[in-house]
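The structure appears below as structure tokens.
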Amino acid sequence: MRFHFALTLQALWTSVCQAGMQHYPAAWGHYDVCKSQVYSDEGLTWDYMACQPEAADMTQYLKVTLDPPNITCGDPPETYCALIRVQRRLRDSVKFVGTCTFFGASKIELATQLKEEEKENPYMCNNECDASTEELAHPPELMFDIEGRNPTTFWQSTSWKKYPKALLVNITLSWNKTIELTDDIVLTFESGRPEQMVLEKSLDYGRTWQPYQFYATDCLDAFTMEPKTVQDLTQHTLLDIICTEDYSRGYVWKYDKTVRFEIKDRFALFAGPRLHNMASLYGQLDTTKNLRDFFTITDLRIRLLRPATGATMVDENNLSRYFYAISDIKVQGRCKCNLHANSCVYDKEKLSCECEHNTTGPDCGRCTEEELPGASSASATPTDAAYIEVLNTVICVSCKHNTRGQHCQLCKLGYYRNASAELDDMKMCA
């Protein structure tokens with residue numbers, strides 16, 4: 001089946017604005033058009049422009065792999081404990097007052113009450129996971145299904161039966177295509193957020209990996225890193241890899257289900273807090289390779305290192321309460337087409353750019369054969385073969401005699417303009 005998604009920058013940032021609490025401008029330039037016809041001295045010609053795809057929900061096009069492969073619960077069937085039920089009972093019966101008391105009860109007293117309810121609640125550990133029964137199965141694809149279902153659907157790991165051996169899970173998301181991220185990566189956990197986790201990226205289809213961000217309840221203890229937040233970053237430190245403690249609280253914080261990798265907050269370092277100055281951001285992305293590469297991936301890997309325990313000590317007599325469960329993963333992005341395509345297709349389980357500007361390849365990274373630099377041509381008009389540079393990228397058009405530019409009006413690096421020569425003179429650049 002073949003899916004087309006027109007890739008326009010305007011639509012991208014419209015969707016980003018609608019997703020956030022703040023209002024952002026709707027248009028950011030004419031990146032949806034790759035070329036237009038213009039009249040020149042030679043007649044009607046094509047005027048090439050940088051273009052790029054529209055942002056989309058990239059989880060529609062990924063392949064998910066779990067390591068170890070048998071880490072999903074249900075084979076064999078098992079019973080597990082869901083502390084969230086107890087938590088909801090307390091939430092409904094105890095009102096939060098101030099920062100330290102719950103109807104006069106301290107947090108320590110509340111924790112004690114929670115522990116007592118856990119012991120006394122006969123329904124606490126009656127949840128089943130059975131891979132052979134659809135209603136009780138929790139396969140990986142439930143991390144990417146439609147949200148808002150009741151009851152919530154989610155993937156779930158086996159429980160921590162082999163404690164104190166670490167409960168380690170790698171979840172790898174692969175696109176077999178270069179992707180540019182355009183919004184926050186968001187993971188929603190249904191079992192309490194992990195106490196230790198690493199988000200990693202690959203730019204070479206999973207051959208090598210580098211960290212995106214570390215997450216822990218105690219960054220110093222877990223990763224020997226000082227805790228930081230994205231608000232601590234500046235334009236000069238945006239590429240720094242940090243460890244944050246913002247997303248690692250456990251069961252008690254009932255509304256804190258999500259773990260984020262903040263893309264838009266990093267964009268805001270160049271575009272301003274309301275993303276009004278997008279020209280500044282795109283100028284940086286298009287002229288700074290390391291910055292653009294930072295937001296570019298072929299694969300993501302979620303390394304789950306320690307599940308939520310909800311306490312300082314693990315209860316070794318009730319290990320079925322410790323596991324990972326993820327109900328949703330959001331990855332918003334677009335095909336990377338090197339500014340040479342405004343559409344991308346998904347065909348035969350593979351994404352590829354529909355290249356313009358005489359380019360080819362999955363990312364439009366090569367010239368077509370007839371437009372390769374040095375190809376023979378009898379004329380020096382802008383319709384033969386050479387390179388021109390647009391926004392730090394390469395467009396394949398034809399210039400000769402050491403010229404470059406969209407109309408072959410500039411000299412290549414290392415050559416200088418002969419002021420006495422006309423634009424079509426073979427000795428224009430010497």
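The values are calculated or read from the model by the stated rules, or taken from the named source; none is laboratory data. From a predicted model like this one, the values you see are computed outputs, not experimental measurements. Positions of Cβ are generated from backbone atoms using ideal geometry, with glycine treated the same way; all protein chains shown enter the neighbour counts. These accessible areas exclude ligands, DNA and RNA; they are computed on the full protein's heavy atoms, side chains included. Shrake-Rupley method; radii C 1.70, N 1.55, O 1.52, S 1.80 Å.
All of TYR31, TYR61, TYR48 fail the test of being modelled with pLDDT of 85 or more and of a type in the set (Phe, Trp, Tyr), apart from TYR61. In this entry, GLU135 passes the filter for residues that are under 22 Å from ALA82 (Cα atoms) and of a type in the set (D, E, K, R). Being on the phi > 0 side of the Ramachandran plot and touching a residue at least 40 places away in the same chain (Cβ under 8 Å) holds for only one residue in HIS357, HIS340, and it is HIS357. Scanning region 177-205 for residues that are hydroxyl-bearing (Ser, Thr, Tyr) and open to solvent by 10 Å² or more (accessible area, probe 1.4 Å) turns up THR178, THR188, TYR205. Please indicate, with yes or no, whether at least one residue in region 289-311 is assigned to a loop (DSSP other than H, G, I, E, B), out of contact with any helix residue (DSSP H, G or I) (no Cβ under 9 Å at 6 or more places or on another chain) and over 26 Å from PHE223 (Cβ atoms). There is no residue in region 289-311 that is assigned to a loop (DSSP other than H, G, I, E, B), out of contact with any helix residue (DSSP H, G or I) (no Cβ under 9 Å at 6 or more places or on another chain) and over 26 Å from PHE223 (Cβ atoms). When restricted to residues that are of a type outside the set (A, V, I, L, M) and within 16 Å of LEU233 (Cα to Cα), region 270-283 contains 3. Of the listed requirements (1) modelled with pLDDT under 70; (2) outside any strand (DSSP E or B); (3) open to solvent by less than 30 Å² (accessible area, probe 1.4 Å), PHE5 misses just one: (2). Please indicate, with yes or no, whether at least one residue in region 292-302 is farther than 20 Å from LEU187 by Cα and either open to solvent by less than 20 Å² (accessible area, probe 1.4 Å) or among the acidic types (Asp, Glu) (or both). Within region 292-302, one or more residues are farther than 20 Å from LEU187 by Cα and either open to solvent by less than 20 Å² (accessible area, probe 1.4 Å) or among the acidic types (Asp, Glu) (or both). For region 361-371, the criterion of being touching a residue at least 40 places away in the same chain (Cβ under 8 Å) and in contact with a helix residue (DSSP H, G or I) (Cβ under 9 Å, 6 or more places away or on another chain) is met by no residue. Scanning region 312-341 for residues that are part of a loop (DSSP other than H, G, I, E, B) and either of a type in the set (Lys, Arg) or closer than 29 Å to THR208 by Cα (or both) yields PHE323, TYR324, VAL331, LYS336, CYS337, ASN338, LEU339, ALA341. When each of THR234, THR208, THR224 is tested for being touching a helix residue (DSSP H, G or I) at 6+ places or on another chain (Cβ under 7 Å), surrounded by fewer than 12 Cβ atoms within 10 Å (Cβ to Cβ) and without any contact (Cβ under 8 Å) to a residue 40 or more places away in the chain, the lone residue that passes is THR234. Restrict the check to region 374-385 and report whether at least one residue is under 30 Å from SER159 (Cβ atoms) and either modelled with pLDDT of 90 or more or touching a Gly at 6+ places or on another chain (Cβ under 8 Å) (or both). Scanning region 374-385 turns up no residue that is under 30 Å from SER159 (Cβ atoms) and either modelled with pLDDT of 90 or more or touching a Gly at 6+ places or on another chain (Cβ under 8 Å) (or both). Listed conditions (1) at pLDDT 75 or above; (2) surrounded by fewer than 21 Cβ atoms within 10 Å (Cβ to Cβ); (3) touching a Phe, Trp or Tyr at 6+ places or on another chain (Cβ under 7 Å) are all met by CYS344, apart from (2).
In the condition set (1) surrounded by fewer than 20 Cβ atoms within 10 Å (Cβ to Cβ); (2) touching a Ser or Thr at 6+ places or on another chain (Cβ under 6 Å), VAL169 is compliant with all but (1). Can you find, within region 241-281, the residue that is modelled with the lowest pLDDT among those that are farther than 21 Å from ILE329 by Cβ and open to solvent by 70 Å² or more (accessible area, probe 1.4 Å)? Among those residues, the one meeting the criterion is VAL252. The numbered conditions (1) closer than 30 Å to PRO164 by Cβ; (2) under 21 Å from the mean Cα position of the chain (by Cα) are all true for ASP286 except (1).
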